[in-house]
Amino acid sequence: MKSMSSILTLAAACAVCMPSVAQEAAKTKSVAELESEVRALEARVRLLSAAAADVAELMSRSAEIWSRALAGQATKVEDPAKPAPKTKTGVAKAAAPPAPRPAEPPAVVVGTVRGKVSVPKGEPIAYAYVENVFAPPVRGKTVVIDQKDKNFVPSWAVIRRGTTVEFPNHDNIYHNVFSHSPGNSFDLGLYNSGSPAKTHAFQSPGSVDVYCNIHPSMAASVLVVPNDLFAKVQADGTFVIENVPSGQRKIVAWSPGTAASTQWVELKGGATATVELTLAHKSAVHQNKEGRAYGSYQ
């Protein structure tokens, strides 16, 4: 009986404690749930912010597509002097009402981007371009970069996306042109002056480093621009790009021996945005196409 009484006493004490423990657990769970919700909301805010530029770009694309569609549409107009066609009964058939014309798309609002680029000494050229404006790739365009005396001639090129570059070998020794640049990786294999020139079509925008797998001193740089919104940087470092669709725009500066420099601007319709970009030399040391150091052969 005494043992049973002790058990009942302990059970009663536990019953008193249980509500307090349960309340504390519920409070802890509530705080954890709130923290999880806050983290989820923060993640959504970051995603929405990153998507803002994409939304502006999609609106620009839609306006361009509408413009092309309307430009190619021929509207058929009935001649009012022409008699209405007759039916089998001889009664003139009333002409159908003209189809309603599609609504005019909103006009693409554009502005101007001006800027200045600090270019390191020794660079032969520099360009600036707008990266995040959609344009279809060019077709049927070919540019030639020769291989002469163990050099690429010229050592740089600026091309539109979709352009094919031809790499003829004028040396009687073998060369192996390749690149590991993201989006434009290729390997043309071994060939010499007795072989037909090999080519590569560049489909992704950006800077492309081109090398020879046999001769480490051979190097070229190709800038692939995504649209016609690009300009050569003048001797004083200035450039102007006109007719840029309004919105958040990514401006990129490039020269053959440097890493690209970028800056975002908010461009309003009819306005001018100004940027300042600085280019810095990149390392000339590179590996062969297998990702290893070059051997002693030249």
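Taking region 175-213 as the range and being part of a strand (DSSP E or B) and in contact with an Asp or Glu (Cβ under 7 Å, 6 or more places away or on another chain) as the test, the residues that pass are 178, 179, 199. It is to be established whether one or more residues within region 268-283 are assigned to a strand (DSSP E or B) and within 14 Å of residue 132 (Cα to Cα). No, that holds for no residue. Residue 133: closer than 19 Å to residue 186 by Cα, modelled with pLDDT of 95 or more and within 21 Å of the chain's Cα centre (by Cα), yes or no? Judged against the criteria, residue 133 is not a match.
The values are calculated or read from the model by the stated rules, or taken from the named source; none is laboratory data. Source: prediction; values computed, not measured. We place every Cβ from the backbone using ideal geometry, glycine too, and count neighbours over all the protein chains shown.
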